[in-house]
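Worksheet: one structure, shown below.
The values are calculated or read from the model by the stated rules, or taken from the named source; none is laboratory data. If you're wondering where the values come from, they're calculated on a predicted model, not measured in any experiment. For neighbour counting, all protein chains shown are included, and Cβ atoms are generated from backbone atoms with ideal geometry for every residue, glycine included. Accessible surface is based on the protein model in full, side chains and every heavy atom, while ligands, DNA and RNA are left aside. Shrake-Rupley method; radii C 1.70, N 1.55, O 1.52, S 1.80 Å.
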Amino acid sequence: MRLVLVGLNHKTAPVELRENLYFEQSSLGAGLDCLRERAGIRECAILSTCNRVEVYAVTENEDGIKEITDFLSEFHGVPTRHFARYLYALTRNAVTKHILRVTSSLDSMVVGESQILGQVKDAYRMAVGRKTTGPVLNRLFNHAFFVAKRVRTETGIGNHTTSVSYAAVELAKRIFDDLPRRRVMLIGAGGMGKHALTHLVAAGVRDLTIANRTIGRAQEIVEKTGGTAIRIEEAYNHLKDSDIVITATGSNDFIIKPENVLDAQKLRRNEPMFMIDIGVPRDIDPRVGELENVYLYDIDDLQGAVPETSKVRYDHIEKAEEIVLQGNTGFHRWLIGLKAVPTIISIRRRFDEVKSSEVEKALKRLGNISERDREIIEGMASGIIGKILHHPVTRLKTEASKLTGDIFVDTIREIFNLDEGAKLKEYCVGNSENEV
């Protein structure tokens, strides 16, 4: 059994590649089902955000990484050669450390941002709902949530709320000194769009237009923040009136193309237009950035947009990394301790067999006895077995989590002459309930 991770993120791959491997919410369930059916994959979960696509899995053999890589290629229809060099593949201890850092926002584009924890929880809930997790991933994700909570409460890393949306508005402030006087159109009123709107309002922007596929949602927002709500189809007519356009729709296709902007620029008499696309997949055709007096930025351009604000959190990173290290050690000990499970199962089976055999012999010698007496004898035998095994099993669990655990486990198996039939998979199959 192997714990593995295969993925790519904003540090290893550009947005044009990440969007090709991105899992839409509507296709994530199907992706989990397909992955779980592949040879050697016992447990799996997929984390797909604007900045990363990561597959966590428990595999039966050394081919798990290749199986996951092939799955990404086949599911998205992207040849492996196009993305293999951008991937990172981690195993065992490195997987644990990575997910703890991700969930604690230490691996985010904007360190300390709060959205990633919710995104990881959503990914986990989806996997639980599709029944693709088991004891290892259930323990891993719940442990990650616990460590992330410690990082938030014991450090100041999250004291200053930031996010990709915040970075987008910070970039807009750098471009326009007079941002509050500018006309802004926000396309997409989902999670990232709403965050961007909050930061725009905080920055003093009042001339706002919010475009969304569901007009009712946009209207609910403008009732609280002010501005004008329009349907997304009307956005093209409002381009000519917009100095700044921020998009975050999650659409599969480009919703703004060069011809749309060209028409608007003619009416604007080529007055500069600032456009930032924080959607993945991207909402704006990258060719728009080639147009005169149009300045297009995508999500990868936001790195470093908030250096002063982030510096406050960097002072707390050392403490956060210490918490992650502690959490990593704790989980790794638990994972190593799993090697004792087949032996514990074998010991209990062996003692149960002996108990059942001896009780049956005793009952035959006693002849006709009442059902109550039978229950008392069987209960007494079970109690004796339980008391005898309590200390050895407890000690076995403790010793198995140490570096010398293999030697201790092998010694126990030799002493009790245990067969090799009890495998860890029996434990995984029989104990696959979710830890929520």
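Yes or no, residue by residue, for (1) among the β-branched types (V, I, T); (2) open to solvent by less than 40 Å² (accessible area, probe 1.4 Å); (3) in contact with a Leu (Cβ under 8 Å, 6 or more places away or on another chain); (4) without any contact (Cβ under 8 Å) to a residue 24 or more places away in the chain:
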residue: V205; (1), (2), (3), (4): yes, yes, yes, no
residue: N212; (1), (2), (3), (4): no, yes, no, no
residue: E220; (1), (2), (3), (4): no, no, no, yes
residue: A229; (1), (2), (3), (4): no, yes, no, yes
residue: D243; (1), (2), (3), (4): no, yes, no, no
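Pairs linking a residue in the range 26-44 that is closer than 13 Å to N61 by Cα to a residue that is aliphatic (A, V, I, L, M) and not in a helix (DSSP H, G or I), with Cβ atoms under 8 Å and 6 or more positions apart or on different chains, are I41/A57; I41/V58; R42/M1; R42/A57; R42/V58; E43/A57; E43/V58. Selection of strands (runs of 3 or more DSSP E) fully inside the range 1-116 by the criterion of at least 1 residues being open to solvent by 20 Å² or more (accessible area, probe 1.4 Å) and basic (K, R) returns 2-9, 41-48. If the condition is being over 21 Å from the mean Cα position of the chain (by Cα) and at pLDDT 90 or above, then the range 299-320 contributes only K319.
The residues on offer are L267, L296, and the sole one that is farther than 28 Å from N9 by Cβ and modelled with pLDDT of 90 or more is L267.
Taking the range 221-232 as the range and being modelled with pLDDT of 90 or more and closer than 17 Å to T249 by Cα as the test, the residues that pass are A229, I230, R231, I232.
Take T162 and tell me if it is part of a strand (DSSP E or B), crowded, with 19+ Cβ neighbours inside 10 Å and either of a type in the set (S, T, N, Q) or modelled with pLDDT under 90 (or both). Break it down stepwise before answering.
Working: part of a strand (DSSP E or B): no; crowded, with 19+ Cβ neighbours inside 10 Å: yes; either of a type in the set (S, T, N, Q) or modelled with pLDDT under 90 (or both): yes.
Judged against the criteria, T162 is not a match.
Rundown of residues vs (1) among the charged types (D, E, K, R); (2) within 34 Å of the chain's Cα centre (by Cα), yes/no style:
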{"residue": "G191", "(1), (2)": "no, yes"}
{"residue": "L200", "(1), (2)": "no, yes"}
{"residue": "D207", "(1), (2)": "yes, no"}
{"residue": "V222", "(1), (2)": "no, yes"}
{"residue": "R231", "(1), (2)": "yes, yes"}
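Taking the range 321-436 as the region of interest, the helices (runs of 4 or more DSSP H) fully inside it that hold 2 or more residues being at pLDDT below 80 and open to solvent by 60 Å² or more (accessible area, probe 1.4 Å) are 371-400, 405-415, 424-430. Only one of the numbered conditions (1) more than 20 Å from D283 (Cβ to Cβ); (2) part of a helix (DSSP H, G or I) is violated by A196, and that is (1). Just one of the listed residues (R182, R150, R125, R174) is modelled with pLDDT under 90 and among the charged types (D, E, K, R), namely R174.
Are any of the residues in the range 134-147 assigned to a helix (DSSP H, G or I), more than 27 Å from G337 (Cβ to Cβ) and touching a residue at least 24 places away in the same chain (Cβ under 8 Å)?
The initial filter retains those residues of the range 134-147 that are assigned to a helix (DSSP H, G or I), namely 135-147.
With more than 27 Å from G337 (Cβ to Cβ) added as a condition, the list becomes none.
Within the range 134-147, none of the residues are assigned to a helix (DSSP H, G or I), more than 27 Å from G337 (Cβ to Cβ) and touching a residue at least 24 places away in the same chain (Cβ under 8 Å).
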